[in-house]
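I have placed the structure first, in the form of structure tokens, so that the comments after it can refer back to it.
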Amino acid sequence: MGLDLHKLGHLVAVAEEGSFTRAAARLHLSQQALSTSIRALEREVGVDLLERTTTGVAVLPAGEALIADARVLEGVARSALQRARRIGRGESEVLRIGHTPAVTGDEVTALLRRVHTDHPELATDVNQRYPAELTEQLLAGELDLGLCRAMSPAHGLNRTTLVRQRLQIAVSAEHRFAGRDVVELAELADERIVVWGHPGRSGYTDLLLEHCRQAGFEPRTHRNPIQGTPPVTAVLGTDDIAFVTAEPGPAANGKVRVVALRPLIEVPLHALWPAHTTSDARHAFLAAFG
């Protein structure tokens, strides 16, 4: 038995909209046609996937499981189609890379230089993406590779560590630590630490906070109100501390100072990619760090 991707798409739309009416409008179908499609899918699967209620629809556990796999299948099918078209047209492959704000443009450039040593012909298209957007576009087949820090891979994604980088701190040029060569992690116990993700909802934020706890203190944090900017700029005009992976020294035109942190702490730079898809360019990229 084969699953119909169109019917799976109908199921995903109903689940996302929470209503047959809204899903039908989104899909440009009649409600009757959509309902018939979903019931046919349930017969094929052999179990109920949705519970119809007076206020809408609720997704049953079997439906949640099928939807998770449906998103992966749709992305794999899209990637396969794009690859076949590219090969058939004789077009060269461009590796589509997304990176979260935790990975700076300079760090991406350094990774690409390493890859270009063995593969100078590798063409890339690089753009910044927020974590949720990065996951969505990887699963949808719109990106080939994602660069991030400590993001848990969603169902259907693979993850590997490319490199590990030394953690430092960034402070404004007026901060009392700005004249120091080294700061001990335990000295940050009374400092306010700026983070980018909400604790408990960001793997990287949780990793940083856990290092503080291991140093013997509960960190005092607040979330950076300006998202998407380079990490070193988070402390501009503040007395905050930011964890960064930049090299020690002046930054942001001298308005920020990056100071070495002790003890030595290394944080991972991860690659994410959709499982069950083929990309020669991605394979070449990953092989450079194998």
Centre separation in Å (Cα based) which lies between the range 29-51 and the range 180-213: 49 Å
Antiparallel content of DSSP bridges confined to the chain, in %, to 5: 60 percent
At R0 = 35 Å, FRET efficiency that the Cβ-Cβ distance of V163 and L3 yields, to 0.05: 0.35
J(HN,Hα) series, the range 178-188, from Karplus relation 6.51 cos²θ - 1.76 cosθ + 1.60, nearest Hz, glycine and proline x: 5, x, 8, 8, 9, 10, 7, 4, 4, 5, 7
Rounded to the nearest 20 debye, dipole of the range 168-264 from Cβ charges on Lys, Arg, Asp, Glu: 200 debye
Cα shape, the range 11-152, gyration tensor, a/c 1.5 rule: prolate
Where GluC sites (Glu not before Pro) fall in DSSP loop in the range 1-106, at most 13 other Cβ within 10 Å: E91
Residue (of T100, N224, G179) at the positive-pole extreme of the chain, dipole from beta-carbon charges: T100
Cα-based shape type of the range 18-78, given that a ≥ b ≥ c are square roots of the gyration tensor eigenvalues and the cut on a/c is 1.5: oblate
Additional length obtainable on full extension of the chain from A284 to H119, 0.36 nm per residue less Cα span: 58.7 nm
Amide H contacts of V163 (H built 1.01 Å from N, under 5 Å, at least 5 apart or other chain): L269
Rounded to 5, percent antiparallel among DSSP beta bridges of the range 168-264: 55 percent
Exposed-loop-free span, longest in the chain, where trypsin sites (Lys or Arg not before Pro) count as exposed if DSSP calls them loop and at most 11 other C-beta atoms lie within 10 Å: 202-290
Electrostatic dipole magnitude of the chain [Cβ: Lys, Arg +1; Asp, Glu -1; Cα centre; debye, to 20]: 300 debye
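Any read-out appearing in this document is the output of simple, stated calculations on the displayed coordinates, not a laboratory observation. Because the structure is predicted, anything quoted here is derived from the model rather than measured. Please note: Cβ atoms are built from the backbone with ideal geometry, for glycine as well, and neighbour counts cover all protein chains shown.
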